[in-house]
Structure formats: C-alpha cells, structure tokens
Amino acid sequence: MLELRLVQGSLLKKVVDAIRDLVNDASFDCSATGFSLQAMDSSHVALVALLLRSEGFDHYRCDRNISMGMNLNNMAKMLRCAGNDDIITFKGDDGSDTVSFMFESPTQDKISDFEMKLMDIDSERLGIPEAKYQAIVRMPSTEFARICKDLGSIGDTVVISVTKEGVKFSTRGDIGSANIVCRQNTDVDKPEQATTVEMNDPVSLTFALRYMNSFTKATPLSNQVTISLSSELPVVVEYKIAEMGYVRFYLAPKIEE
Amino acid sequence: AMPQPRMTFYFRRF
C-alpha cells in the first residue's frame, strides 16, 4: 500500500514537466526515504535523478519498497487535469497494474479521480558516487535557461569554462560565434539573484546544447541552479526542490578525439 | 563531431 498526499500539487506537475523532455518512460521507486527516480535518455548520454523526500509530503505511507513503471507523457496528461491549487493524492497497491491520482480543489468542492496504467520497464540502475568537483557554479535558473536558449540558436555545443574571473559559456556555428561571461555577483537584493563561482581548479568542458536546453525544463522548480564540473565526470545540473529534494541532470562531456 | 561517451563510461551498473 502506497499513499502520498501533496498539498502543493502543482509541484508534481512541475517535476514531470521537468523530466519528460529527456525521458519517455521511467521507473519510480517508493521507499521510506521518499519518492525517487533514476533514468537515462534513450541514447544513454544523459541521466536524471529525482528525489522527493518523504518528510516533504503532507502524508506519506509506503508499507514496502515498490517500483512503478510510468510513461511520463501519460502522467503529464493526467496531472494536467489537476488545478494549480489542487491537493494531489497518489495511490498504488502492491501487484496492481495501475496507480491512481486524486485531485481535490482547495475548497473541497471538486474531487477528481484518475487511474493510470503502469508499464513494464527494464531500467538500468547506475551507482553515482559522491565526488569532489573542480568547479561549482550557482546562478539564477532563469539566467542559465536564457543562456542555453540563446546559444542554442547559434551552435550545437557549449563550452563551459570556469576561471577565477567567472564562468564563460561559448558556442560556434555556421553564422558565427558567441561568448557569454557571468561574473561572481553576490551584491544583489535577493539571494536567488546571486551568481557564485567556487573554483578549486580551472575547468573547460564541451556539452551538447540540446541536452542542456532539455534540462532547463526544470527551471520552474527552483530559482537557482547549481552546475558542478569536473574533467573526469559528467556535469551535474541540479535544481533543488524546496524542503523536498532535487532534480539532478547528469551529462557526459564531449571528448576530443 | 566530437564523440560523446555514455553514462556507463563513468558510472557503474548496480
């Protein structure tokens, strides 16, 4: 028996919208720790890891660990039927091939029930070790989204370089080239507008903009994004979900031949 | 084009 209640139901919509561009089908895992997912895109060069901690839910019951294969577009179709202020309750049963969503309006005058079919998914689970990164950049998530979108109209790849001067995003394409430098800036009215660059070693890595642009679908989840870079590791683009957990995207850098 | 390794190049399967 599994029952999760989230008063801020719109959060679940945002989570699904954040990852469905990258992954079509995914296996959601439920345990005492929380509601989580790990999935790779179809070409296996990017990975998404989601965690919504049990403490973040208004009600959380999970009698035993359970994995549920879901199609994210179908999930989005169901969740789109919920109002933005609705309370969402998600229910599952051991051995059942369906799950259910219940949407309650804040005034309790409308209650909707949706049942969704589960899928069999052969998912490959990877162990992601804790790592020390050469550089960690924190910046407003909207700024990062803007940069990826702008550069994506010029080139296919972005070179992210971190020096003590700041972080530089560069691209090159048929029509020309572009460089955007963001300097550390903590002199702002609100902490979410800050850009901070934590550098242990300078680092410069190349990534496919198509994936970076897909990661920015998570922008509505968080005001800030954290980009962790190391030459030996996939980049981690993390959107923290207040009081609940995170969505982390991993992308392998392109390598010189 | 620059080659791009897969995730399993970096992270081991469970």
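The values are calculated or read from the model by the stated rules, or taken from the named source; none is laboratory data. Quick caveat: nothing in here was measured; it's all calculated off a predicted structure. Heads up, the Cβs are rebuilt from the backbone with ideal geometry, glycines too, and the neighbour counts pull from every protein chain shown.
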In region A:213-232, how many residues are of a type outside the set (D, E) and at pLDDT below 95? 1
If I go through region A:69-86 residue by residue, how many of them are of a type in the set (G, A, S), surrounded by fewer than 20 Cβ atoms within 10 Å (Cβ to Cβ) and out of contact with any helix residue (DSSP H, G or I) (no Cβ under 6 Å at 6 or more places or on another chain)? 2
Among the candidates A:A135, A:A131, A:A145, single out the residue that is within 14 Å of chain B (Cβ to nearest Cβ) and either within 23 Å of the chain's Cα centre (by Cα) or of a type in the set (S, T, Y) (or both). A:A131
Per the filter on region A:164-179, residues closer than 21 Å to A:Y133 by Cβ and within 26 Å of the chain's Cα centre (by Cα) are A:G166, A:V167, A:K168, A:F169, A:S170
Whichever residue in region A:1-32 is of a type in the set (K, R) and either farther than 25 Å from A:D93 by Cβ or out of contact with any helix residue (DSSP H, G or I) (no Cβ under 6 Å at 6 or more places or on another chain) (or both) and, among such residues, is surrounded by the fewest Cβ atoms within 10 Å (Cβ to Cβ): A:R5
Answer yes or no: is there a residue in region A:74-95 that is touching a Pro at 6+ places or on another chain (Cβ under 6 Å) and either assigned to a loop (DSSP other than H, G, I, E, B) or within 14 Å of chain B (Cβ to nearest Cβ) (or both). yes
What residue, of A:N179, A:N185, is out of contact with any helix residue (DSSP H, G or I) (no Cβ under 9 Å at 6 or more places or on another chain) and without any contact (Cβ under 8 Å) to a residue 12 or more places away in the chain? A:N179
What pairs come up if the first residue lies in region A:16-36 and is closer than 17 Å to A:A46 by Cα and of a type in the set (D, E), the second is modelled with pLDDT under 95 and part of a loop (DSSP other than H, G, I, E, B), and their beta carbons are under 9 Å apart, counting only those six or more places apart or on different chains? A:D25/A:I121; A:D25/A:S123
